Amino acid sequence: MTGLRTAARAAVAAALAGTLVMACGADGGGSRTLTWSMWADGGEELRVWHELADRVSREDPQLTIKLETSSFDDYFVKLGARFGSGDAPCIVSMQSLRNTGYTQGMLPLDDLIAKNKFDVTDFDKSVMEGLSADGKQYALPYDVGPVILTYNKDIFRNAGVPEPKPGWTLAEFESVARKLTGDRTYGFVAAPQDVWMFPMVLTKTGAQPTDGAGKLRLTTPAMIKGVQWYADLAARKKVAPRLPGVDPAFTEKQFLSGNVAMGASGPWALLNLKNQAGFQVGLTTIPACPGGTRTYSAGSGFGISKSCPDPERAFKAITLMTAKKQLEWLGEVGRAYPSRESAQHAWYENARIAGAREVLEAANATAIPLRTTKNWERVNELLNQHGVNLFNGASSAKQVLEQVQRQAGQD
């Protein structure tokens, strides 16, 4: 998934991604170099992905993987352009929220899975579904996770407010957010980002941003009501900081600053949280409405581009990249909540966060895949663009959502 990003880390990743290489090239000894494109927003993430490539090569010396990276915010724009020009990397990293918008450049994996008798039953079903489209599988997942809330234990302790427990309610959430808002602190951080906003709307009103056919549905009464409530946490109730402008990394940066008590996140963000947060981090579920807590799951994986000249070798590589022992390692270093259920123990053993298993199991019990449209990148761009006025109180949810629905529908 996205992980937590800062401008400085994005600049490092972008600099390292400046030179693109050919999708596949001949290598010595009869092996072939497979280019793998991945997002990475910092030195530690880069180190992890380089190590994964090296681990696969050690497992099979006939596989040499060349990693290229860009920041998450740039990754999908570049990928779309490369699909269009026919020079996409052999191995393509894909996020479940954006999968349906890029299948035109990706190779369906179903025939390769069947031909190689590759067993997919250990993978979490929700992320396998999220990385499929029109009944076809386009990527093998490496991580999965429900959207949950992370919180700053130090702020709770200093304010004498009890830490939230799984199953807590929206009424309790709003009460805590008010208590933890002061001169220099806010109880929560809200922003018009899909993966952070829509789970809160889902639990508040049950509204989903798309219908079962992948059509955008942002203007239903339930969606308007839920988004207005969420935006008002900043605009009117003032328990969340106002947006200074369009900033996709706003929530992550605000939480890591130590001035915000709570923010939406996922288990995939543990590596950055542990390395960058100057405070103790706690986990809890998305607060529940009277009908119970609800949330979305999201995840990422590895697929194969249609332009790859050696899909058999690329398939071998992605099966090794998502093998149990590799996902256990990713869980140990905190980069992924493994998509293989048999490997998830490694994440808990490394996290060492009290109550983490209880929180994630409770969240997973109600999580559903966040279904998106083929032009979701455009939808998210418009939400960020027009959401500034909404979250600062200058526009209503009805005005903004109707505008996004209208503009996105024309794409």
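The values are calculated or read from the model by the stated rules, or taken from the named source; none is laboratory data. As the structure is a computational prediction, the values presented were derived from the model and not from experiment. Don't worry about glycine lacking a Cβ; one is built from the backbone with ideal geometry, like all the others, and counts go over all protein chains shown. For the accessible areas, the whole protein counts, side chains as well, though only heavy atoms, and no ligand, DNA or RNA atoms are used. Shrake-Rupley method; radii C 1.70, N 1.55, O 1.52, S 1.80 Å.
Results for (1) within 19 Å of Lys274 (Cβ to Cβ); (2) open to solvent by 10 Å² or more (accessible area, probe 1.4 Å), shown as yes or no for each residue.
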site: Ile304; (1), (2): no, no
site: Pro309; (1), (2): no, yes
site: Arg313; (1), (2): no, yes
site: Met321; (1), (2): no, no
site: Gly331; (1), (2): yes, no
site: Gly334; (1), (2): yes, no
site: Pro338; (1), (2): yes, no
site: Gln344; (1), (2): yes, yes
site: Trp347; (1), (2): yes, no
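Residues of segment 166-193 being basic (Lys, Arg) and at pLDDT 95 or above, which ones? Walk me through it before giving the result.
Step one: of segment 166-193, the residues basic (Lys, Arg) are 178-179, 184.
Scanning segment 166-193 gives Arg178, Lys179.
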Note down all Cβ pairs under 7 Å where the first residue falls in segment 25-39 and is over 14 Å from Ser307 (Cβ atoms), the second is modelled with pLDDT under 50 and not in a helix (DSSP H, G or I), and they're at least six residues apart or on different chains. Arg32/Cys24; Arg32/Ala26; Thr33/Cys24; Thr33/Gly25; Thr33/Asp27
Just one of (1) within 17 Å of the chain's Cα centre (by Cα); (2) open to solvent by less than 20 Å² (accessible area, probe 1.4 Å) trips up Val359, so point out which. (1)
Subset of segment 154-174 [within 18 Å of Tyr186 (Cβ to Cβ), open to solvent by 50 Å² or more (accessible area, probe 1.4 Å) and among the charged types (D, E, K, R)]: Arg157, Glu163, Glu172
